[in-house]
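A.B. asks: Supplied in structure tokens, the structure appears directly below.
The values are calculated or read from the model by the stated rules, or taken from the named source; none is laboratory data. Computed from a predicted model, the values in this text were never measured in an experiment. Cβ placement follows ideal geometry from the backbone for every residue including glycine, while neighbour counts extend to all protein chains displayed. Keep in mind that these areas ignore ligands, DNA and RNA; they rest on the heavy atoms of the full protein, side chains included. Shrake-Rupley method; radii C 1.70, N 1.55, O 1.52, S 1.80 Å.
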Amino acid sequence: QIFDAGDYFGIMQVEEVDEEEEGDEEMEEQLKKPNPGNEPCFKVIVTNENGLQASNPNSVFLVDHAWTYRAQHARQQLCRVPGLLHRMANLMGVPFHGELPDEASVQHVLQEMWKYNQTYQLSQGTAEEKVPVWYIMDEFGSRIQHSDQPSFAAAPLFYMPQRIAYTVLWPLRDLETGDEVTRDYAHGETDRLIRKCVLLPWVPAELLDVSCSTPEPPDEHYQAILAENKEKLPVAINPPVYAKDKVFKVFTDIQQVLSNLTHPRFVFTDNEGEADILYNFSHFKDYRKLSEEKPEVMVNQFPCENLLTVKDCLASIARRAGGPDGPRWLPRTFNLQTELPQFISYFQQRDRRGEDNHWICKPWNLARSLDTHITNNLNSIIRHRESSPKVVCKYIEEPVLFEREDVGRVKFDVRYVVLLRSARPLRLYSYDVFWLRFSNRAFSLDDLDDYEKHFTVMNYAPGVTLKQVHCEDFIPLFEKQYPEYPWTMVQESIFKAFAELFEAASSKPAPLGICDYPSSRAIYAIDLMLKWDTSRDGEKLL
């Protein structure tokens, strides 16, 4: 609670120096603007006449956070929280005149804020509570500029007694009066190319000479994932043979199974040790022990199935079916942790050609559209990489829409459930009932943060309408809207894509592919959308 930053620091506004003016060239060099653009540029400098000593415990400062929010609430808060838009516009050098928030100013702040945003995540709580938090430091903290040789370091600190986060700021070396306070905006990145990518929001650069090809990662990539997951692969076993009249004992912690498995060939047991079938909710890890001690016990998972169910792995194994750009049934996808330069190059090339550049940014391992963002702002995508591991996929700009009487033409997605009976030979079945989910507002390629326009997952959002249509009712409605596409034809191409995906996933031995463990069986849900494409002759194709 001691507000003494003013005793040590000053904020200086940097003016553009006119070329014609005869001035001290060294001074001119020092005052070159680190962040290009028209907005005023500020620097923080040490003003205390004794300077600052790195070893002095009083040289540690706290910086307040002016705005803390989750990305999906940003627009709403700028519009509703009194004074917030005004303060943010001032801090970011965005022109804002008048009292009431106007659409243009809000949009401008939403674009600019990715140059000022910092992030942290809470490590406990529900999936919703773990979604990354973004914050903007106050005017003092936000005006500390970047340097590759920073004079200070900064890190967020969550102070439990007040339940408030601050930024801790401390000097890395002794400073004299007049020295600039800087920090490294790409802290921790040592690779030169990655640093250049990470710093792009503040130091614009072209990466058009970087190849945007993304071949499948090397074998070591998959071995590292196996080690990280602590999964132990099974030893080779002979496929077990069961008596025709055997009654199987099932051990499960899944309520749906307990409530619905009524066939006389199955009975439940509370004793895991005597079970013939393990039907687990959580990931099964130790296949080695199971295969050595009880090879005849069946389990509802396959070793290495995360290659299908985790988004970055799905994208990399799919390249087996479609080359470095991926197959036609998967929108172009980049792993932001490992393929950032390739993505930026691809984005800038599309930009130069005037092609659509809307992307959807998703965490590797969350479901239900949590922390998922649609944007055409490159800075936003680069910064989202800092909060949690993410992939970025080309957003489908021309989805096949469904006419809802009450709303108009909306996005929809389809969920199929498949049963993997064996990986080698590949035996895959699809359930003949599929599920449909619809957006609640007519689709258009704008208002990218309007959840009910761009997303179809409505069953988790409180107070949101959930439109349900049974697949038997959907098919005639769909065929009426698209008479040239009978559903049997659409479904045939859907199943062809499923087959290609599972062939790719089981084409290599574990951990590079799904393990062909004879006692595994598994059910997966596959969500998909339909989109319009153009054939070589310029014809529209579904």
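A.B. asks: Taking a probe of 1.4 Å, how large is the accessible area per residue of the stretch 401-541, in Å²?
C.D. replies: I get 54 Å² per residue for the stretch 401-541.
A.B. asks: Where Lys and Arg each count +1 and Asp and Glu each count -1, what net charge lies around L445 among other residues with Cβ under 12 Å from its Cβ?
C.D. replies: -4
A.B. asks: Let me ask something else about it. If you line up the long axis of helix 311-322 against the longest principal axis of the chain, both from Cα atoms, how many degrees apart are they, to the nearest 10?
C.D. replies: 60
A.B. asks: Would you kindly compute the Cα radius of gyration of the chain and its largest Cα-Cα separation (Dmax), both in Å?
C.D. replies: Spelled out, the Cα radius of gyration and Dmax of the chain are 27.8, 99 Å.
A.B. asks: Could you work out how far the C-alpha centroid of the stretch 431-446 sits from that of the stretch 197-242, in angstrom?
C.D. replies: Distance between centres, Cα-based: 31 Å.
A.B. asks: How would you order 215-223, 533-541, 156-164 from highest to lowest mean count of nearby Cβ atoms within 10 Å?
C.D. replies: My ranking of the peptides, most packed first, is 215-223, 156-164, 533-541.
A.B. asks: 5 Å is the cut-off here: which amide hydrogens, built 1.01 Å from N in the peptide plane, fall below it relative to S422, excluding neighbours closer than 5 in sequence?
C.D. replies: R427
A.B. asks: Roughly what % antiparallel, to the nearest 5, for the DSSP beta bridges in the chain?
C.D. replies: Among the beta bridges of the chain, antiparallel pairing accounts for roughly 85 percent.
A.B. asks: Return one number: the angle in degrees, 0 to 90 and rounded to the nearest 10, between the long axis of the Cα atoms of helix 219-229 and the longest principal axis of the Cα atoms of the chain.
C.D. replies: 90
A.B. asks: While we're on this one: Note down the net charge around I11, summing +1 for each Lys or Arg and -1 for each Asp or Glu among other residues with Cβ under 13 Å from its Cβ.
C.D. replies: -1
A.B. asks: Now a separate question. So if I place +1 on the C-beta of Lys and Arg and -1 on the C-beta of Asp and Glu, and nothing else carries charge, what would the dipole magnitude of the chain be about its Cα centre? I want it in debye, nearest 20.
C.D. replies: 3240
A.B. asks: Can you work out the Karplus-derived ³J(HN,Hα) for every residue in the stretch 401-406? Use 6.51 cos²θ - 1.76 cosθ + 1.60 with θ = phi - 60°, whole Hz, and x for glycine or proline.
C.D. replies: Once rounded to whole Hz, the list reads 9, 10, 6, 9, 3, 6.
A.B. asks: Keeping every protein chain in place, order K453, K289 by accessible area at 1.4 Å, biggest value first, i.e. largest first.
C.D. replies: K289, K453
A.B. asks: In addition: For the stretch 251-268, take each phi angle, set θ = phi - 60°, evaluate the Karplus expression 6.51 cos²θ - 1.76 cosθ + 1.60, and give the result in whole Hz per residue in order, putting x for glycine and proline.
C.D. replies: 10, 8, 10, 9, 4, 4, 5, 4, 7, 10, 7, 10, 4, x, 6, 10, 10, 8
A.B. asks: Could I ask something else about it? Sort 44-50, 461-467 by packing, meaning the average of other beta carbons within 10 Å per residue, with the highest value first.
C.D. replies: Packing order, densest peptide first, comes out as 44-50, 461-467.
A.B. asks: 5 Å is the cut-off here: which amide hydrogens, built 1.01 Å from N in the peptide plane, fall below it relative to Q301, excluding neighbours closer than 5 in sequence?
C.D. replies: Residues meeting the criterion, in which the H sits 1.01 Å from N, are R521.
A.B. asks: A follow-up question, please. How many angstrom separate the Cα center of the stretch 487-542 from the Cα center of the stretch 328-405?
C.D. replies: Rounded to whole Å, the Cα centres lie 21 Å apart.
A.B. asks: What are the ³J(HN,Hα) values, in whole Hz, obtained from phi via the Karplus relation 6.51 cos²θ - 1.76 cosθ + 1.60 with θ = phi - 60°, for each residue of the stretch 498-510 in sequence order, with x given for Gly and Pro?
C.D. replies: So the J values, rounded to whole Hz, are 4, 4, 4, 4, 6, 5, 5, 6, 10, 7, 10, x, 4.
A.B. asks: Under Stokes-Einstein, with the Kirkwood radius over Cα pairs standing in for Rh, what whole-number D in µm²/s applies to the stretch 406-542 at 10 °C and 1.306 mPa s?
C.D. replies: It comes out at roughly 91 µm²/s.
A.B. asks: Would you mind checking which residues have amide H under 5 Å from Q145's amide H? H placed 1.01 Å from N; only 5 or more apart, or other chain.
C.D. replies: Correct list: V44, R183.
A.B. asks: Distance cut-off 21 Å, Cα to Cα: go down the list K411/K540; K249/K294; K196/K390; K130/K453 and report the pairs above it.
C.D. replies: Over 21 Å Cα-Cα: K130/K453.
A.B. asks: OK, next. About its Cα centre, how strong a charge dipole does the stretch 232-302 have in debye, to the nearest 20, once Lys and Arg get +1 and Asp and Glu get -1 at the Cβ?
C.D. replies: About 220 debye.
A.B. asks: Suppose every K and R has +1 on its Cβ and every D and E has -1 on its Cβ; what is the size of the dipole of the stretch 401-541 about the Cα centre, in Debye to the nearest 20?
C.D. replies: Rounded to the nearest 20 debye, it is 600 debye.
A.B. asks: Among S493, G513, Q468, which residue has its Cα positioned farthest towards the positive end of the charge dipole of the stretch 401-541, with +1 placed on the Cβ of Lys and Arg, -1 on the Cβ of Asp and Glu, and the dipole taken about the Cα centre?
C.D. replies: Most positive-ward Cα: G513.
A.B. asks: Choose one of C197, P234, L172: the residue whose Cα lies farthest towards the positive end of the charge dipole of the stretch 164-300 (beta-carbon charges +1 Lys, Arg; -1 Asp, Glu; about the Cα centre).
C.D. replies: P234
A.B. asks: Within the stretch 120-186, which GluC sites (Glu not before Pro) sit in a loop by DSSP and count at most 13 neighbouring Cβ atoms inside 10 Å?
C.D. replies: When the GluC sites (Glu not before Pro) of the stretch 120-186 are filtered for loop state and at most 13 Cβ neighbours within 10 Å, E128, E129, E176 remain.
A.B. asks: With each run of n ≥ 4 DSSP H residues scored as -39500 (n - 2.57), what mean residue ellipticity at 222 nm is computed for the chain after dividing by its residue count and rounding to the nearest 500 deg cm²/dmol?
C.D. replies: -7000 deg cm²/dmol
A.B. asks: Mind checking the angle between helix 340-353 and the chain's longest principal axis? C-alpha axes, 0 to 90 degrees, to the nearest 10.
C.D. replies: For 340-353 against the chain, the angle is about 80 degrees.
A.B. asks: A further question follows. Using only the Cα atoms of the stretch 232-302, build the gyration tensor, take square roots of its eigenvalues as a ≥ b ≥ c, and label the shape rounded, prolate or oblate: rounded if a/c is under 1.5, else prolate if a/b is larger than b/c, else oblate.
C.D. replies: Oblate shape, in that a/c is at least 1.5 and b/c is the bigger or equal ratio.
A.B. asks: Can you tally the net charge around L530? Count Lys and Arg as +1, Asp and Glu as -1, for every other residue whose Cβ sits under 11 Å from the Cβ of L530.
C.D. replies: -1
A.B. asks: Highest mean first, how do 249-255, 112-118, 478-484 rank when packing is the count of other Cβ atoms within 10 Å averaged over residues?
C.D. replies: Result, highest mean Cβ count within 10 Å first: 112-118, 249-255, 478-484.
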